[in-house]
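The values are calculated or read from the model by the stated rules, or taken from the named source; none is laboratory data. Quick caveat: nothing in here was measured; it's all calculated off a predicted structure. Cβ sites come from the backbone with ideal geometry, for glycine too, and all protein chains shown count toward neighbours.
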Amino acid sequence: MLTRMLLDIDPVLIRIGPVAIRWYGVLMASAVGLGFYYLRRDATKLGYSEDFIYNLTFLIVLGGIIGARAVYVLTNLSSYQGAWIDMIRIDQGGLSFHGGVIGGAIAGGLYAARRKYSFNELADLVVPGLAIGIILVRIANLINGEVLGRTTELWFDRQPAQLIGSAVGVALLLIHNRLARFRRPAGYLFWSFVFYYSLLRGLVEESVRANPLYAWGYVNETWGIGFFTLTQLVTPIFMALAWWMRRRAIQADRTPMGPKVAEGASRS
């Protein structure tokens, strides 16, 4: 079957002596590099310094990795009993996107606040990198043979959850590019991303992923879909938060103006 064949790809791209370079690391590094490119391009247009952009990127990546791994480990703690060192083995995969966004937002937000820069304005600039990260990391999940879909009774043996997740990233990038064509208040693009990601992840991707079910616990074995995973149960919370924060951004109607204008300053 197609999905089974794709899952047989060697997760190691190349070996140099005892060092193994994995597809996961290469694709994640590519996502960070592309995200940095777009952040630097757009931030310099607003007047942010190179030093600030480099420092911000480092802190976002560091906080994102720590947050992503911490949430993943905490939600899969039973898998690490007796193998505690594996908790830090991010080279083998196992990162939570929600944890990554929260960790990166905290680290980057604290640094921006210290410099008295607008969190919302800067958050808008990282959206392309987040969408690209979803696209590439889901492909890495496919190569690693993780984030599996539910089995089906259709012509394909298993739902291609990784490819569906990657397609969600493509959809988010297209939505962002469409919204960014018009003037938007600071924070609108980021919170729109959070809203649509939560919607597509909860409604589409999570429905086909082989994750444990809670609450109702419905599974359609023919189509390989199920409700409700933990992510689906918390999705309404994230969507409500994103909707509320986007409404606040619209009401504030603060045009992005660069580092000279702190959060909450009036428009000129």
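State yes or no: is residue 24 assigned to a loop (DSSP other than H, G, I, E, B) and crowded, with 17+ Cβ neighbours inside 10 Å?
no
Scan (1) in contact (Cβ under 8 Å) with a residue 24 or more places away in the chain; (2) touching a Phe, Trp or Tyr at 6+ places or on another chain (Cβ under 8 Å); (3) of a type outside the set (A, V, I, L, M, F, W, C) for the single condition residue 214 breaks and write down its number.
The failed condition is (1).
Condition first: assigned to a helix (DSSP H, G or I) and surrounded by fewer than 19 Cβ atoms within 10 Å (Cβ to Cβ). Now tell me which residues in segment 43-58 satisfy that.
The answer is 44, 45, 50, 51, 52, 54, 55, 58.
Counting just the residues of segment 212-268 that are outside any strand (DSSP E or B) and polar (S, T, N, Q), which one comes out modelled with the lowest pLDDT?
268
Mind listing whichever residues of segment 91-126 are assigned to a loop (DSSP other than H, G, I, E, B) and within 17 Å of the chain's Cα centre (by Cα)?
The answer is 93, 94, 95, 96, 126.
Scan segment 42-64 and report the pairs whose first residue is of a type in the set (Phe, Trp, Tyr) and whose second residue is buried (at least 18 other Cβ atoms within 10 Å of the Cβ), with Cβ atoms within less than 6 Å and a gap of 6+ or a chain change.
Note: pairs meeting the criteria are 48/259.
Go through 137, 147 for me and flag whichever is β-branched (Val, Ile, Thr), outside any helix (DSSP H, G or I), more than 20 Å from residue 191 (Cα to Cα) and at pLDDT below 95.
147
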